[in-house]
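> Please find one structure pasted underneath; my questions will follow.
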Amino acid sequence: MKKRFIKNSGAVGLLVVLLQSCAVTKDYSRPELKLPENFDNLSVNAEKKINEVPAYQQYFNDPLLKEMLDQVLAKNTDLQMAAEQLLAAEARLKSVKLNYLPDINLQVSAGVQRLSQNSMMGAMSSGQIFQEYNLAPSISWDVDFWGKLKRQREEAVSGYFGLAENRRALRVQLIAQTAQAYYNLLSLDEQLRITQSVEKSMQETLQMLKTQYSVGDVTALAIKQSEAQLAETRALIPDIKASIKAQENALQTLAGNYPGSVKRAQSLQDKAFATELESGVPADLLANRPDIKQKEFELQAANARVGIAKTDFYPALKITGQGGLNAVKASNWFSIPASLFGNAAAGLTQPIFNKRNIKSNYEQAVHLREAAVHDFRKSVLMGVEEVSTSLSNITHIKEQMTEVNNRKTAMNKAISDAQILYKYGEANYLEVLTVQQSYLQSELAYALVIQKEINAYIALYKALGGN
């Protein structure tokens, strides 16, 4: 009897080994991308890898900005939610890893039963009292010979790392968003300073015109035109102040704080970045950009789900076994070998009537995988586009900066000359008012182009994957 049991167990084991070699699912392989060799010939250094993009602590110069970034990354609610989602995925991953192992349970029971003497069984046993004592470990194992559990684990692993990259993408986005908001705030401060300075100059001009009007050197028309220009300039100030407050509130919200003032630098002119970024080559984006890596992990998960759906076409093998001690008297419960018992079984379950549903699920999984392929390719295209656009913007903003600076220099001299010429009667009041207005526009344009250049470098930092 014992030899027959061993022989049958060996046959079952051999069957399991043979069936485990019959994998019906396919491993993931990255789709062909055909990446370009450079970013449209814009500032490309093919020998400099973009995985050397510096961390924000090394990239930005402003210590107050870095302090704000520390707060945002520590307290931002979106980032905290992403962290909790990642922990939930980690817990699921640990659970899926255990699916390879058999389920092992232990049942311990003791019972007593007295049958009614008026019942059929009670009449036959003369109302005898029955006892039963049981100590029985049991095992149940779903054998993964089609690779279903393997694909379930791959899906869970890909889902976990996809969420990890999503959190990293959110982190990079927050760094860029915070830095842009911070420098937008400095730009607004600069615009307010410029506008208030020009307002003061216009007040002085108006006062001078009033003095000349009192002695008959100018008409009332000059006074009215100067007052109108001053009012137009003053009207800009409340709007700028409102924008400053809104930008401060937005920054504090990013940092997980209630609205309030923001500590910041005194000038927009200071050098914003500690190092120049190198663009590298487009293929580097696959290794560095978290959004592209996230899309590839989503594709890997979709590929695993195709494998899971395909295994449903095939029979499932389940092995069960139970053994232990069983007795009808407590005194005999641990009497060995008399109280020993055991059983083992293996069964195949083959779907028959629900094959249409299984096929539909499989077809759906295949189409969703193909959609994930297109989504992955789209993320690569967008990554290359964003870097190329950022490089182009930086190049053309530098050209714009040269011309705006030339205009600013010219207007600085023009306003000085206009005041001197007017003082000596070589220029009229209309020329002075026109120069003052043009000076204001040139100063504001210069502040805005500095802001544009900083934002372009921040956009490049984000496009390269940040750190």
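Read-outs: derived from the displayed coordinates by stated rules, not from any lab. Model, not experiment: these values are computed from the prediction. As a convention, Cβ positions derive from the backbone with ideal geometry for all residues, glycine included, and neighbour counts pool all protein chains shown.
> I need to check one value: relative contact order of the range 85-204, counting alpha carbon pairs closer than 8 Å and at least 6 residues apart, in percent.
28
> Now, a different point. Want the number for SER335 to ASN257: 0.36 nm per residue separation, take away the alpha-carbon distance, what's left?
Contour length minus the Cα-Cα distance gives 21.0 nm.
> What relative contact order, as a whole-number percentage, does the chain give when Cα pairs under 8 Å and 6 or more residues apart are counted?
Taking the mean separation of contacting Cα pairs over the length of the chain, I get 26 percent.
> Out of the range 312-373, which chymotrypsin sites (Phe, Trp or Tyr not before Pro) are coil in DSSP terms and have no more than 10 other C-beta atoms within 10 Å?
Those that pass, being in a loop and sparsely packed, are PHE353.
> In vacuum, with every alpha carbon of the range 289-410 counted as one equal point scatterer, what does the Debye formula give for log10 I(q)/I(0) at q = 0.16 Å⁻¹? Two decimals, please.
The calculated log intensity ratios at q = 0.16 Å⁻¹ are -0.91.
> So what is the relative contact order of the range 299-446, in percent, for Cα pairs below 8 Å that sit 6 or more residues apart?
21
> Okay, next question. Which residues make up the longest stretch of the chain that has no trypsin sites (Lys or Arg not before Pro) in a DSSP loop with at most 15 other Cβ atoms within 10 Å?
Longest run free of exposed loop sites: 50-262.
> Enumerate the helices in the chain for which the Kyte-Doolittle hydropathy averages 0.0 or more and the C-alpha atoms extend at least 15 Å along the helix's axis, using complete DSSP H runs.
2-20, 63-75, 429-463
> Per residue of the chain, what 222 nm ellipticity follows from adding -39500 (n - 2.57) for every DSSP H run with n ≥ 4, rounded to the nearest 500?
-22500 deg cm²/dmol
> Average projected area of the Cα convex hull of the range 127-262, in nm²?
21.6
> Moving to a separate point now. For the pair LEU368/SER109, report the inter-label distance in nm, with labels modelled 7 Å from Cα in the Cβ direction.
Between LEU368 and SER109, the label points sit 4.0 nm apart.
> If Rh is defined by the Kirkwood formula over all Cα pairs and Rg also comes from Cα, what ratio Rg/Rh do you get for the range 186-304?
Ratio of gyration radius to Kirkwood radius for the range 186-304: 1.32.
> Continuing with the same structure: Could you check the spin-label model distance between ARG377 and ASP417? Points 7 Å from the Cα along Cα→Cβ, value in nm.
That separation, rounded to one decimal, is 6.0 nm.
> Can you find, among GLN294, ALA304, ILE336, the residue farthest towards the positive end of the dipole of the range 294-350? Put +1 on the C-beta of Lys and Arg, -1 on that of Asp and Glu.
Looking along the dipole axis, the top candidate is ILE336.
> What percent of all Cα-Cα pairs in the range 365-458 falls in each 10 Å bin, counting up from 0?
15, 25, 19, 15, 11, 8, 5, 3, 0
> Sticking with this structure for a sec: Report, to one decimal in Å, the Kirkwood hydrodynamic radius for the chain based on all distinct Cα pairs.
Every distinct Cα pair counted, the radius reaches 30.0 Å.
> Here's another thing I want to ask about it. For the range 202-326, compute the number of Lys pairs whose alpha carbons are separated by less than 22 Å, excluding pairs fewer than 8 positions apart on the same chain.
For the range 202-326, qualifying lysine pairs total 5.
> Relative to the Cα centre, what is the charge dipole magnitude of the range 135-262, using +1 at the beta carbon of each Lys and Arg, -1 at the beta carbon of each Asp and Glu, and rounding to the nearest 20 debye?
Dipole magnitude for the range 135-262 comes out near 340 debye.
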